[in-house]
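Report on the structure given below.
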Amino acid sequence: MIWLAALVVGLALFVRWLEPRMAFVPFAGEDITPRTFGLAFEPLTIATADGERLRAWRMDASSPRARILYFHGNGGNLSNWAPILAAIVRRGYSVAAIDYRGYGVSTGRPTERGLYRDADAFVQTVWADADARVPTIYWGRSLGTTVAAYAATVRKPDGLILESGFPTARSVVRGSPVLFVLSVFASYRFPTADFANRARVPVLQMHGDRDSVIPFPLGQELFGRLEGTKQFLVMPGADHNDAAPPDPAAYWGAIERFVTELPKTR
């Protein structure tokens, strides 16, 4: 019994050490900005409740169709996501995006709870001057789908876009028997579906059918667990880290229809 208890404690400690290293792949620095793509932007510093200082970018479109609060995936930093953010702005959307703690030039080290605190601070700061004449949408990609869905429970947007997402952290490791067993000892949950259902706002979900990181069936599972108003866009041929969609017309067309049809929830 003593050896068994020691094994369980050892496995739990190992998993707690391992999970942040698997969940987060932050890059330091900021070498590319929207200015690289010919876009004006405002760099912001956002203070969190627990004392971290986060980097955010704000890019305003003239006569915006909507205002996007963007939550990127678990890898890189804002510089790596700059091409995607620039593409959104060029489609006529104002965008604010954040680097989580430990990413880019943001202070701290990433944890699941820490990312939720980052979302708290981001939403409260950026919402201070929100323009009610256009819809506000939270857009998350990959791990950012969980953070965006959580943010929607803090302050409700008009709509939620979930791109290349998953229902829970445990569902992601289901395909690996070893990791699935070890996940019993994990503290990370990332319950995207539960957060989105708690927020109760219209959802546009998008997922590539050749996603090699978050397999397409996980996207289908997430969609099946969503309640309320929802749409699902299958992106044929799209992988997880594509900087641009294989079919831009279908991709941006779905987003534009979603924005146009949004009911005013605020």
Practice task
Select from Asp247, Asp60, Asp239 the residue whose mean-square fluctuation is largest in a Gaussian network model of the chain (Cα-Cα springs shorter than 10 Å).
Solution key: Asp247
Practice task
Tell me the Kirkwood hydrodynamic radius of the stretch 104-160 in angstroms, computed as one over the mean inverse distance between distinct C-alpha pairs.
Solution key: 12.1 Å
Completion exercise
In terms of the charge dipole of the chain, which places +1 on Lys and Arg and -1 on Asp and Glu at the beta carbon, the residue among Val184, Leu218, Ile32 farthest towards the positive end is Val184
Completion exercise
Packing-ranked peptide list from 115-122, 66-73, highest mean Cβ count within 10 angstrom first, is 66-73, 115-122
Practice task
Would you mind computing Rg(Cα) / (2.2 N^0.38 Å) for the chain, counting N as its residues?
Solution key: 1.00
Exercise for the section: Indicate the helices, whole DSSP H runs only, in the chain that combine a mean Kyte-Doolittle hydropathy of -1.0 or more with a Cα extent along their long axis of 20 angstrom or more. Expected result: 2-23, 112-126
Exercise for the section: Give the peptides 37-46, 212-221 in descending order of average Cβ contacts within 10 Å, highest first. Expected result: 212-221, 37-46
Fill in the blank from the handout: Taking r as the C-beta separation of Gln124 and Arg58 and R0 as 22 Å, the FRET efficiency to the nearest 0.05 is 0.90
Practice task
Quote to one decimal, in nm, the extra length available between Ala250 and Ala47 on full extension: 0.36 nm per residue of separation minus the C-alpha distance between them.
Solution key: 69.3 nm
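Each value in this text was obtained by applying a stated rule to the coordinates, not by laboratory testing. Note that the structure is a prediction, hence the values are computed from the model and not measured. No Cβ is skipped: glycine too gets one built from the backbone with ideal geometry, and neighbour counts run over all protein chains shown.
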